[in-house]
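Below is one structure, written out as structure tokens, with a few remarks after it.
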Amino acid sequence: MTKAHLIEKVAEKAQKLSRRDAEKVVNCIFDAIRDALKKGEKTEIRGFGSFRLRIRRNKDGRNPKTGETVPVPQKRMPFFKPGKEIKELLNQNQEVNQ
Amino acid sequence: MRKADIANLVCEKVGVSKTEAVELVEYVLECMKTELQKGEPVKIAGFGNFTVRSKGERKGRNPRTGEEIAITPRRVVTFRASQLFKKYVNS
């Protein structure tokens with residue numbers, strides 16, 4: 001499923017919305033999570049999971065071609081932790097999945 | 001940021017009522033969950049990909065008692081942020 005599929009689904013579900021509005025709805029959701037993380041704020045979505053930042057410490061990397069050591073600066077990484085409900089949802093039919 | 005905050009933003013940006021915005025946000029999440037439950041990935045351009053991975057049985061330990069136990073095979077959701085998203089939080 002891609003973002004386009006999601007937009008399609010929203011447009012079908014909410015008949016009064018134009019396709020463009022459906023697109024806005026979907027974009028708005030992901031932009032909200034993205035913007036919150038940029039501000040260093042986490043997002044918790046009940047039943048789905050939470051998004052927060054993890055800090056990658058600076059370390060020494062290597063240029064694989066030359067073997068030269070290059071410093072890799074500290075950076076922030078978006079991180080998703082699935083919620084309890086989604087974990088359970090995926091493992092409901094454990095016997096079937098095995 | 002919580003679900004209600006996201007719904008408020010949808011309400012402002014799209015001009016639907018609060019109730020409708022809540023329903024729409026809920027619906028989008030529901031669609032994503034259904035897809036993941038089927039074992040299908042959800043790919044959001046500019047944001048990242050959610051994929052389902054199957055994990056085999058492995059050994060674990062009860063940290064309290066030190067007893068060795070088997071961790072049953074299971075499916076887990078993993079998220080990989082897109083390059084754009086990674087750049088965005090570091091800009």
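Of A:8, B:40, the sequence from fewest to most neighbouring Cβ atoms within 10 angstrom is B:40, A:8. One Cα centroid belongs to segment B:1-73, the other to segment A:11-41; the line between them spans 16 Å.
Beyond 24 Å between alpha-carbons counts as too far, so tell me which of A:75/B:38; A:16/B:13; A:13/A:87; A:24/B:3 fall in that bin. Beyond 24 Å: A:75/B:38; A:13/A:87. Normalised by the number of residues in chain B, the mean separation of alpha-carbon contacts (under 8 Å, six or more apart) gives a relative contact order of 20 percent. Each principal axis of the protein assembly as shown carries a Cα extent, and these read 55, 48, 32 Å when sorted largest first.
Fewest Cβ neighbours within 10 Å first, please rank A:23, A:41 accordingly. Show your work: numbers first, answer last.
Details: A:23 19, A:41 14.
Placing the least packed residue first, the sequence is A:41, A:23.
Which whole-number percent gives the relative contact order of chain A, counting Cα pairs below 8 Å spaced six or more residues apart? Provide the component values of the computation, followed by the final result.
Numbers: 104 pairs, mean separation 18.9, N = 98.
It rounds to 19 percent for chain A.
Once both axes come from the Cα atoms, what is the angle between helix A:3-13 and the longest principal axis of chain A, in degrees from 0 to 90, rounded to 10? Roughly 20 degrees, rounded to the nearest 10. The residues A:79, B:50, when put in order of fewest to most other Cβ atoms within 10 Å, stand as A:79, B:50.
For segment B:16-64, which trypsin sites (Lys or Arg not before Pro) are both in a DSSP coil and crowded by at most 15 other Cβ atoms within 10 Å?
Working: sites: B:18, B:33, B:38, B:43, B:53, B:55, B:58, B:59, B:61, B:64; in loops: B:38, B:64.
Listed in order of number, the matching sites are B:38, B:64.
Within the listed set A:83, A:49, A:67, the residue fluctuating most in the Gaussian network model of chain A (springs between alpha-carbon atoms under 10 angstrom) is A:67.
How large is the convex hull of the C-alpha atoms of chain B per residue, in Å³?
On the way: hull volume 15.5 nm³, N = 91.
Convex hull volume per residue, Cα atoms: 170 Å³.
Values quoted throughout were computed directly from the atomic coordinates according to the rules given, and no laboratory measurement underlies them. This one's a predicted model, so the numbers in the text were calculated from it and none came from an experiment. So basically every Cβ, Gly included, is an ideal-geometry build from the backbone, and we count neighbours across all protein chains shown.
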